[in-house]
Structures are given as C-alpha cells and as structure tokens.
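Below is one structure, written out as structure tokens; the observations come after it.
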Amino acid sequence: MARVKRGVAARKRRKKFFQRAEGFYSSGSRAYIHVREKTDRALAYSYRDRKVRKRDFRALWIQRINAAARLNGTTYSKLINALNTSGLALDRKVLADLAVHDAAGFAALCSKVVVRA
C-alpha cells in the first residue's frame, strides 16, 4: 500500500485564502490561521455591507432632498407627499441628483408640486 502525499492539495487549498488576504495587515496576510479568520470575517462583512450600502445611500438621498426642499420653503415630508399625490414617479436617487446638480430644476419642481399655505 502506497502512502498518500497531500502537500500539493493542502497548498492549493491554502493558496486560495492567501490570495484573498493579500494586502491585509501583518500576520493577517502571512500566517494561515490568521489568514483564514481574517478572510472569513471579511467575507461576512462584505455580504452584510452590501445590504447596509443600500440603507446608507437612501439615508444620504433623503438628507440631500430635505436640505434642498428646505431651501425652497418646504420639508422633505411635505415634498414626498405632494409628489405621491400628484402622481409623479420620481425616486429618491433621482430627486437627490436633481437637488445637487440642478438647483433651478429642483426649485421649479417644488413650486409646481407643493401647494404653499
């Protein structure tokens, strides 16, 4: 019975982790035990943060819309309500881009949609 030499397979398995850990700090990129922990944690964070990124961007868009709306004499809440009742289908990403890059267009939209009391 011949013995099985496993060095090649083991090296191949470890190499995948070392490649993922390239650029990590200190032994996080050199010692296999640490590399394995760091890459597992990095993958978990990247999965989680793909979801969090969507939340963060929505919050940013809302802040930008609110700031621009207040410059035009209304609030975010009133503006969104007015857009919904008028039937205009503009999402927050587009509204925020309009508020940042085309202030005059956003002001025109606000004056057309929002009925000031």
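The values are calculated or read from the model by the stated rules, or taken from the named source; none is laboratory data. All values derive from a computational prediction rather than experimental measurement. Glycine gets a Cβ as well: all are built from the backbone with ideal geometry, and neighbour counts include every protein chain shown.
Listing for the model above:
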{"read-out": "Segment 89-117 - residue that is aliphatic (A, V, I, L, M) and closer than 23 Å to Lys54 by Cα and, of those, modelled with the lowest pLDDT", "value": "Ala89"}
{"read-out": "Within segment 13-29, considering residues that are of a type in the set (S, T, N, Q) and more than 14 Å from Asp40 (Cα to Cα), the one surrounded by the most Cβ atoms within 10 Å (Cβ to Cβ)", "value": "Ser27"}
{"read-out": "Within segment 87-99, tally of residues that are in contact with a helix residue (DSSP H, G or I) (Cβ under 8 Å, 6 or more places away or on another chain) and surrounded by fewer than 11 Cβ atoms within 10 Å (Cβ to Cβ)", "value": "0"}
{"read-out": "Which listed residue, of Gly28, Gly23, is in a loop (DSSP other than H, G, I, E, B) and not polar (S, T, N, Q)", "value": "Gly23"}
{"read-out": "Any hit, segment 37-60, residues being of a type outside the set (A, V, I, L, M), touching a Cys at 6+ places or on another chain (Cβ under 7 Å), within 30 Å of Leu109 (Cβ to Cβ) and in contact (Cβ under 8 Å) with a residue 24 or more places away in the chain", "value": "no"}
{"read-out": "Meets criteria (small (Gly, Ala, Ser), part of a helix (DSSP H, G or I) and under 23 Å from the mean Cα position of the chain (by Cα)) for Ala10", "value": "no"}
{"read-out": "Residues that are of a type outside the set (Gly, Ala, Ser) and within 19 Å of the chain's Cα centre (by Cα), drawn from segment 61-99", "value": "Trp61, Ile62, Gln63, Arg64, Ile65, Asp91, Arg92, Lys93, Val94, Leu95, Asp97"}
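Residue-wise test of (1) charged (D, E, K, R); (2) under 30 Å from Arg11 (Cα atoms); (3) surrounded by 11 or more Cβ atoms within 10 Å (Cβ to Cβ).
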| residue | (1), (2), (3) |
| --- | --- |
| Tyr32 | no, yes, yes |
| Ser46 | no, yes, no |
| Trp61 | no, no, yes |
| Arg70 | yes, no, yes |
| Leu83 | no, no, yes |
| His101 | no, no, no |
| Gly105 | no, no, yes |
